[in-house]
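The values are calculated or read from the model by the stated rules, or taken from the named source; none is laboratory data. Everything numeric in this text was worked out from a predicted model, so none of it was measured. Cβ coordinates were reconstructed from backbone atoms using ideal geometry, including for glycine residues, and neighbour counts include every protein chain displayed. The protein model used for the area step is the full one, side chains on, heavy atoms only, and it has no ligands, DNA or RNA in it. Shrake-Rupley method; radii C 1.70, N 1.55, O 1.52, S 1.80 Å.
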Amino acid sequence: KDILNHDLFGVYINGELTCVAALIIGIEKTYVNMVEGKWKIGVSASDLVIHRIAVSNKYRGKGCAKKLMEFAYSYAKENHCNSIKVDTHRVNIPMQQLLLSNGYTYQGVIDLNRNEEDQLRLAYELVV
C-alpha cells in the first residue's frame, strides 16, 4: 500500500537499501483522541506522519535511521507540514532514543483501536 501510494521512502548507501519508512501527509485517525497527553500542534491535514520504520540488520547502529529522520524533516518542510508525528511501542527503546535524539518530544499515549493485547503506543512530535 505504501508503495502504491508513493509514501515509502528509503535510504541507500552504495546502492544498497539500508532503511525505509512510510511518510504520509494527512490526518492519522488514531492520533485524534489521545488517551493521555496532548499534541503541541493539533492533528491536521498538514501533519507528516511517520509509520513502519525498518532498518536492515546489516546497517543497524550506522546512522541510517538518523538520515531517514533528517530526510523526513526536509520532506515536511518542502510540503509545508506544521508538525511530524510518530508513535512507537513502549518497549521499542531504540526507536524512542532515535526520536529524542532527533528533537522529537514525548507527547503522550495513543490507542491504535485494534484487537491487540497491547494497543497503546507512545506518541512523539517534532514541530517543523
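Compute the Cα gyration tensor for the stretch 58-128, then decide on rounded, prolate or oblate, letting a ≥ b ≥ c be the square roots of its eigenvalues: rounded whenever a/c is under 1.5, prolate when a/b is larger than b/c in the other cases, and oblate in all that remain. Note, shape of the stretch 58-128 comes out oblate. Shown for the chain: cysteine residues without a partner Cβ closer than 4.7 Å, namely Cys81.
Please calculate how many Å² of accessible area the stretch 30-128 carries per residue, with a 1.4 Å probe and no DNA, RNA or ligand atoms counted. Before the final figure, lay out each step's value.
Details: 5510 Å² over 99 residues.
Value returned for the stretch 30-128: 56 Å² of accessible area per residue.
Under the convention that each Lys and Arg Cβ holds +1 and each Asp and Glu Cβ holds -1, the size of the dipole of the chain around its Cα centre is about 320 debye. Projecting the Cα atoms of Ser56, Gln107, Gln119 onto the dipole axis of the stretch 19-128, where Lys and Arg carry +1 and Asp and Glu carry -1 at the beta carbon, places Ser56 farthest toward the positive end. Packing here is the average count of other Cβ atoms within 10 Å per residue, and on that basis the peptides 12-19, 42-49, highest first, run 42-49, 12-19.
Between Leu8 and Asn79, take the C-beta separation as r, use R0 = 22 Å, and let me know the FRET efficiency to the nearest 0.05. Spell out each step's value before the answer.
Working: r = 16 Å, r/R0 = 0.71.
The calculated FRET efficiency here is 0.90.
In degrees, nearest 10, range 0 to 90: what is the angle between the Cα axis of helix 64-78 and the longest Cα principal axis of the chain? On a 0 to 90 degree scale, this one is about 60.
Here the stretch 38-90 exposes an accessible surface that is 51 percent carbon and sulfur, computed with a 1.4 Å probe and the other protein chains kept in place.
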